[in-house]
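Let me begin by presenting the structure, written as C-alpha cells, before commenting on it.
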Amino acid sequence: MAPQPVQVFDNLYFLGTGSVSAWLYGDETGYILIDGLNSDDEAQRYIFEGMRKLGLTPAAIKGVLVTHGHGDHYGGADYVASQLGIDVMMSEADWRLVATQGEHPRFGPPPKQGAVVTDGQVIAAGTSRLSVYATPGHTPGTLSPVLTVYDKGEPHVAMLWGGTGFNFGPHPAVFEDYASSAARMRDVARAAGVDVFLSNHPGRDGALAQMKALAARQDGTPHPFVSGEAGYSLFTVLEQCALAQAARFR
C-alpha cells in the first residue's frame, strides 16, 4: 500500500509511493515539485490528488525539478508540466542522457528538452529558496538540492541526495566521480548547516518509518527527520563504497 501524502515540514511535503519519492517544496504562493514519479498515472494519483488531499493547489506548482534522468523520476514529470504549462528542469548532461532513451513500459515517456539547471543555481519556491548542486555519478548530471525547511517556524536545512545506487556498470571513472560528488556534498552540507538528509527513494532514507514517527509525534519532541551530526555518515558510506568499487574494477 502506498503511503498517504504527508506534510513533513511547514514547507515540504511527501507525495511519493512506497518505492519512489516526489517532494513538494514551497507554499501556496509557489511550489517546486522535485521529481515526477514513474508515470502519468502516478503523477495524477499521488501528486495532483495527493496535493488536493492536503488542501494544496496543484496550479501553484511553478516547475518540476528532475534530480536525474531515469524513468522513475521523470516518468510523470512531463504530464505535470503539460497540465500546468510549466517547465521540466534538469541538468544539461541529463537532458542529453534522456534524449537517448526511448519508450519504456514501466515509465512515462522521456520529457522533451526543457529548462537547464546549472551547478549552484538558486530556484525560488514561493517564499522559500533551494540551491541545486551537480553531483555526477549515478548519472552524468545528477542534481542534489539543498533547501531550508521549517518545523513550526524553526528553521532546518535539508539536503536531498539526488542519485543513490551503483547501477551504471563496472566503470571505475564513474565510481570515482560518485565518490568525489559525495565528498564535495559533505563540505557543502557542513557549510550550509544541513541537519536533514533526504533521498528520492523512501526506502533509502528511512522516510517511511520517519513519517510514521511524525504522525505519532508529541508536542515538544524532536522532529523525526532531523538527524543532525549522525546524518553525515551518509557521505562517508557513499564515498568509501564508491572508491572500493572503483578499485575493484580497476
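Here's the list of lysines a cross-link from residue 112 could span, going by alpha-carbon distance under 23 Å and ignoring same-chain residues fewer than 8 apart: 62.
Let me check against my output: what whole-number percent is the relative contact order of the chain, with C-alpha pairs under 8 Å and at least 6 apart? This gives 16 percent for the chain. Excluding same-chain neighbours fewer than eight residues apart, the aspartates and glutamates reachable from residue 212 by a Cα-Cα span under 18 Å are 10, 151.
Here the calculated FRET efficiency for residue 49 and residue 119, from their Cβ-Cβ distance with R0 = 35 Å, stands at 0.55, rounded to the nearest 0.05. A Stokes-Einstein calculation at 10 °C with viscosity 1.306 mPa s, built on the Kirkwood radius of the range 178-250 over Cα pairs, returns a diffusion coefficient of 115 µm²/s. In the context of the full set of protein chains, residues of the range 113-226 present 43 Å² of accessible surface per residue (probe radius 1.4 Å, heavy atoms only). Here the dipole of the chain is about 280 debye; that uses its Cα centre as origin and unit charges on the Cβ of Lys and Arg (positive) and Asp and Glu (negative). Of the solvent-accessible surface of the chain, computed with a 1.4 Å probe over protein heavy atoms with every protein chain present, carbon and sulfur atoms account for 53 percent.
Between the C-alpha center of the range 41-88 and that of the range 170-190 there is a gap of 29 Å. At the listed q of 0.09, 0.18 Å⁻¹, the Debye profile of the chain, built from one uniform point per Cα, gives log10 I(q)/I(0) equal to -0.35, -1.50.
Against the compact-protein benchmark of 2.2 N^0.38 Å, the Cα-based radius of gyration of the range 120-250 scales to 1.12. Calculated mean residue ellipticity, 222 nm, the chain: -9000 deg cm²/dmol, from DSSP H runs (n ≥ 4) at -39500 (n - 2.57) each, averaged per residue and rounded to 500. Working from Cα pairs under 8 Å separated by at least six residues, relative contact order for the range 1-127 is 24 percent.
The values are calculated or read from the model by the stated rules, or taken from the named source; none is laboratory data. What you see is a predicted model, and the numbers here were worked out from it, not measured in a lab. Cβ atoms come from the backbone with ideal geometry, glycine included; neighbour counts cover every protein chain shown. Note: accessible area is taken over every heavy atom of the protein model, side chains too, but ligands, DNA and RNA are not part of it. Shrake-Rupley method; radii C 1.70, N 1.55, O 1.52, S 1.80 Å.
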